Amino acid sequence: MTQVPSLALAFFMGMVTFLTPCILPLVPAYISFISGHSLAELNTPERSEKVAASVLITAVFFVLGFSLIFLMMGAAAGALGHELAALKPILIRVGGVIVIFFGLQLAGVFQLMPLLKEKRFHGEIKAVGPLKAFLFGLAFAFGWSPCIGPILTSILAIAVNQNTMLKGIFLLLAYSLGMAIPFLLTAVLVERFFSFFNKIKPHFRKIEIAGGVILILAGLLMLIDRFGELKYYLEQVLPQSLMRLG
């Protein structure tokens, strides 16, 4: 399985995760909670440099928190794939079935009840500043909401077929970056978030369906062992389609 399309897919699905309706609307609340500043204080372009720096620093530590958990998952999945390398032809196809299953779940073709139960952390984090943000990032990663679960599980299924721990880590690093970059941009430009949110809100369902279709496509390519062809779609077809939409 070619690593380049796997990384591109993981990064793209990380961005889809950020844009899903159970993550995007809560981003300002997350930023407010980890930084200790009210939404009213954040939602102004005149906020002080001290406040802006505080928000960015805590956002970075929040990202580091959830990224650490995802990287550990990627390492475990890659190591498992290495141990089962002799079964790679079978694992690829089993992984394909798993990815298709969760793609259908994300697209809304069916709803499996256990996957719809949120597992977000609801306890109190008594730490303050960057440490609080980091701990909340760890808790966020473990809180597989209905949106994160299908996408992350699909990426982990692909990571198992990477056959090495390092490749599994890189795959989940790409996924983490797909979530982290827009989150950090929001922390820096939080006053512009609400305008962006109002524009994208009507398209939430389309985003979920598009993400589900991409996962189904990836799963089908895994089933027929033609995953490398996804590189052409991600590097040529998808960018051209987005340019036309723009």
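Starting from the Cα-Cα distance between residue 204 and residue 15, subtract it from 0.36 nm times their residue separation and give me the gain in nm to one decimal.
Here the segment from residue 204 to residue 15 would lengthen by 66.8 nm.
Roughly how many nanometres apart are two label points built 7 Å out from the Cα toward the Cβ at residue 195 and residue 47?
Distance between label points: 1.7 nm.
Calculate, for residue 90 and residue 164, the FRET efficiency according to 1/(1 + (r/R0)^6) with r their C-beta to C-beta distance and R0 22 Å; round to the nearest 0.05.
Details: r = 18 Å, r/R0 = 0.82.
Efficiency, rounded to the nearest 0.05: 0.75.
For residue 181 and residue 56 in the same chain, what is the full-extension length gain: residue separation times 0.36 nm, less their Cα-Cα distance, in nm?
Taking residue 181 through residue 56 to full extension adds about 43.8 nm, to one decimal.
How much length is gained if the chain between residue 188 and residue 29 is pulled fully straight, taking 0.36 nm per residue apart and subtracting their Cα-Cα distance, in nm to one decimal?
Computed gain between residue 188 and residue 29 is 55.8 nm.
Using 1/(1 + (r/R0)^6) with R0 = 41 angstrom and r between the beta carbons of residue 220 and residue 80, what's the FRET efficiency to the nearest 0.05?
That pair, residue 220 with residue 80, gives E of 0.95.
At 7 Å along Cα-to-Cβ for each site, give me the label-to-label distance between residue 213 and residue 131 in nm.
4.8 nm
Give the Rg/Rh ratio for the range 1-78, taking Rg as the radius of gyration of the Cα atoms and Rh as the Kirkwood radius, to two decimals.
1.08
All of the numbers you see were taken from the coordinates with simple rules; none came from a lab. These figures come from a predicted structure and were not determined experimentally. A quick note on method: Cβ atoms are made from the backbone with ideal geometry, for glycine too, and the neighbour counts reach across all protein chains shown.
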